[in-house]
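The values are calculated or read from the model by the stated rules, or taken from the named source; none is laboratory data. Here the structure is a predicted model, which is why all the values come from computation and not from measurement. No Cβ is skipped: glycine too gets one built from the backbone with ideal geometry, and neighbour counts run over all protein chains shown.
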Amino acid sequence: MFLQTLVTGLSMGGIYSLMAVGYSLIFSILSFSNFAHGAVIMLSAYIGLALATKAHLGFGLVVTGSVVGAGVLSVLNEKFAYAALRRRRAPSLYLMISAMGCSMFLENMVYATIGSRFYPFPAFFGRQIVTVGGSSLSLLDLFAFIVSIGAIVALHLFITRTKMGIAIRAGVDDMTMCSLMGVNTDRLISLVFFLAGAFAGIAGIFLGIRYFVYPTMGWVTNKAYIAAVIGGLGSLPGAMVGGLILGVLETLISTYVSSVLRDVFSFTVLVALLIYLPNGLMGAETEEKV
Amino acid sequence: MSDNYLEIQGLHVYYGNIHALHGIDLSVGKNEIVSIVGVNGAGKSTLMWAIAGVLPIAGGTLLFDGAPLPTSPHRIVALGISLVPERRRLFSTLTLRENLIMGAIRRTDREGIAADMERVFALYPVLKERMSQRAGTLSGGEQQMLAIARALMSRPSVLLLDEPSLGLAPLVTEALFDTILKIRDEGVTVVLVEQNAFQALEISDRGYVMQIGKMAESAPAAELLGNPLIRKTYLGG
């Protein structure tokens, strides 16, 4: 029973991690919380749903389509809603308000065009079960966990080992200097939004499969925000660890205490962290010398 | 000597509502070292940021090798003009090696980049021992060396140095100025902004004196060093 709960928690945590990584990436480069991230996740689930039910594609192609689609949506989101503010050097509060506007606009667009129905995904995994040491674990849970962690490890390698990854970290450090090195910072920011969107795409598919696809499903990014704060906003390893911790704690609370208390618990953790540990577990350290 | 490699005429720059540069003229010849001296707040750094393309230009012409300068920083670097700003502005959370890679980020010639890394290590041997250390943990002098090395990795033809001696011990400053001469000997044109005007002019071919947003004087460096009025006002005696 405990192992089963743990795996369910880790799988949910993996999805939180994917969303939190997207949040953190954008936060670290533009210093604002992109509240439109949830809308991108929601749209990616609809893209995946259309590919699965209308085009009858297999799981791999559905994920690929959704990842690319969400990446492009995320780049467009930046171009239309943030780029102009960024060029005018607007305070980050303005970007955040623009993000909220985007989120409401996109949600209501879906209400107005597709409607408020809850759509289920086709049963890609059925109710397949793997038995490990006497506990029966859901194949979907295991798969979601492995894919999430795999994607985050791949992102970590990209960011630490490649030239483009170094440029992203340099941009996080000092965007002006990054442009003085010869980097086209508009393109660098688009790349970051694409990556964040791609992660939103994976998260959207897994959320859609686990629950349903509906216009307000993106609100779950509140949890990703909590995960990012637990790990320390702007830190990628932090976002991953924060997501996993939150997923496991929530599942333990729902299983052993009460599922009604799950969200109460999560938001209490958020408030407590913001008061006592605002930098999170792995928050960005700053070091400057004259 | 001056064949107008970098030529600036009537440059106006605003910081919000503040008129920071009032029609600056500056001309730098190929392979020269030109110093810009002047009191704090004269607009020397503003001029550097404007040439590098970071500050928007409100009026005037900037020509490099006869052609107008582009307006975005990454295109200006691509032409071969590289700025080492005041207070170094290293990527402090990146390692020394990663900072150098950033300097060469536009280049694709692997062997050339490796050769240039060896070249900057020959110039600043102490950097080689600190390859995987974070830039933020280096000493002030090492940070300044790294800042110049990072700029050299783009193979610039013009190096803009803003207050390189700021916060450095006198001996370190002297060594730094020696390397600036070496860099010029390798064919790089240097524009040097310095508080430390005396030492800057000593290694320069020509000097400009800047005064609250305007150029007050321009002359061969030796002449400026010999002018008693200039000595009194700007060189501290």
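Summary table
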| read-out | value |
| --- | --- |
| Check on B:Ile81, over 13 Å from the mean Cα position of the chain (by Cα) and either within 12 Å of chain A (Cβ to nearest Cβ) or hydrophobic (A, V, I, L, M, F, W, C) (or both) | no |
| Among (1) within 21 Å of A:Phe32 (Cα to Cα); (2) surrounded by fewer than 18 Cβ atoms within 10 Å (Cβ to Cβ); (3) of a type in the set (Ser, Thr, Tyr); (4) away from chain B (no Cβ under 14 Å), the one test that A:Tyr119 misses | (1) |
| Close pairs from segment A:78-97: first more than 21 Å from B:Thr71 (Cβ to Cβ) and surrounded by 14 or more Cβ atoms within 10 Å (Cβ to Cβ), partner at pLDDT 95 or above and not hydrophobic (A, V, I, L, M, F, W, C), Cβ under 7 Å, at least 6 apart | A:Glu78/A:Ser190; A:Ala81/A:Ser98; A:Tyr82/A:Ser98; A:Leu95/A:Tyr82 |
| Odd one out for A:Leu252, checked against (1) closer than 24 Å to A:Gly150 by Cβ; (2) surrounded by fewer than 24 Cβ atoms within 10 Å (Cβ to Cβ) | (1) |
| Some residue of segment A:137-152 being under 30 Å from A:Gly115 (Cα atoms), among the β-branched types (Val, Ile, Thr) and in contact (Cβ under 8 Å) with a residue 60 or more places away in the chain | no |
| Filter result for A:Pro215 (of a type outside the set (S, T, N, Q), more than 26 Å from A:Ala272 (Cα to Cα) and surrounded by fewer than 24 Cβ atoms within 10 Å (Cβ to Cβ)) | yes |
| Count of residues meeting criterion [touching a residue at least 40 places away in the same chain (Cβ under 8 Å), more than 13 Å from B:Leu47 (Cα to Cα) and surrounded by fewer than 16 Cβ atoms within 10 Å (Cβ to Cβ)] in segment B:3-23 | 1 |
| Test: residue in segment A:108-128 that is under 23 Å from A:Ser11 (Cβ atoms), among the aliphatic types (A, V, I, L, M) and assigned to a loop (DSSP other than H, G, I, E, B) | yes |
| Subset tally (residues that are assigned to a loop (DSSP other than H, G, I, E, B) and either among the aromatic types (Phe, Trp, Tyr) or under 23 Å from A:Arg161 (Cβ atoms) (or both)) for segment B:62-90 | 1 |
| Odd one out for B:Thr93 among (1) within 22 Å of B:Leu55 (Cβ to Cβ); (2) assigned to a loop (DSSP other than H, G, I, E, B) | (1) |
| B:Leu192 of a type outside the set (Lys, Arg), at pLDDT 95 or above and under 14 Å from the mean Cα position of the chain (by Cα) | yes |
| Answer from B:Gly207, B:Gly136, B:Gly167, B:Gly140 - the residue that is of a type in the set (Gly, Ala, Ser), within 14 Å of another protein chain (Cβ to nearest Cβ), touching an Asp or Glu at 6+ places or on another chain (Cβ under 9 Å) and in contact (Cβ under 8 Å) with a residue 24 or more places away in the chain | B:Gly136 |
| Set A:Ile275, A:Ile226: member being among the β-branched types (Val, Ile, Thr), surrounded by fewer than 16 Cβ atoms within 10 Å (Cβ to Cβ) and assigned to a helix (DSSP H, G or I) | A:Ile275 |
| Only one of B:Ile148, B:Ile113 that is modelled with pLDDT of 95 or more, within 30 Å of B:Ala42 (Cβ to Cβ), part of a helix (DSSP H, G or I) and within 14 Å of another protein chain (Cβ to nearest Cβ) | B:Ile148 |
| Selection count, segment A:141-188, where residues are assigned to a helix (DSSP H, G or I) and within 13 Å of chain B (Cβ to nearest Cβ) | 24 |
| Check on B:Glu118, surrounded by fewer than 23 Cβ atoms within 10 Å (Cβ to Cβ), more than 9 Å from every other protein chain (Cβ to nearest Cβ), acidic (Asp, Glu) and not in a loop (DSSP other than H, G, I, E, B) | yes |
| Segment B:76-103: number of residues that are over 21 Å from B:Gly43 (Cα atoms) and among the basic types (Lys, Arg) | 1 |
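Yes/no matrix, rows are residues, columns are (1) within 14 Å of chain A (Cβ to nearest Cβ); (2) over 26 Å from B:Phe121 (Cα atoms); (3) surrounded by 17 or more Cβ atoms within 10 Å (Cβ to Cβ):
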residue	(1), (2), (3)
B:Leu160	yes, no, yes
B:Asp178	no, no, no
B:Gly213	no, yes, yes
B:Pro220	no, yes, no
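To keep it simple, each residue is scored yes or no on (1) closer than 29 Å to A:Asp186 by Cβ; (2) of a type in the set (D, E, K, R); (3) out of contact with any Phe, Trp or Tyr (no Cβ under 6 Å at 6 or more places or on another chain).
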| residue | (1), (2), (3) |
| --- | --- |
| B:Ile18 | yes, no, yes |
| B:Asp25 | no, yes, yes |
| B:Ile33 | no, no, yes |
| B:Leu63 | yes, no, yes |
| B:Pro85 | yes, no, yes |
| B:Arg88 | yes, yes, yes |
| B:Ile105 | yes, no, yes |
| B:Glu111 | no, yes, yes |
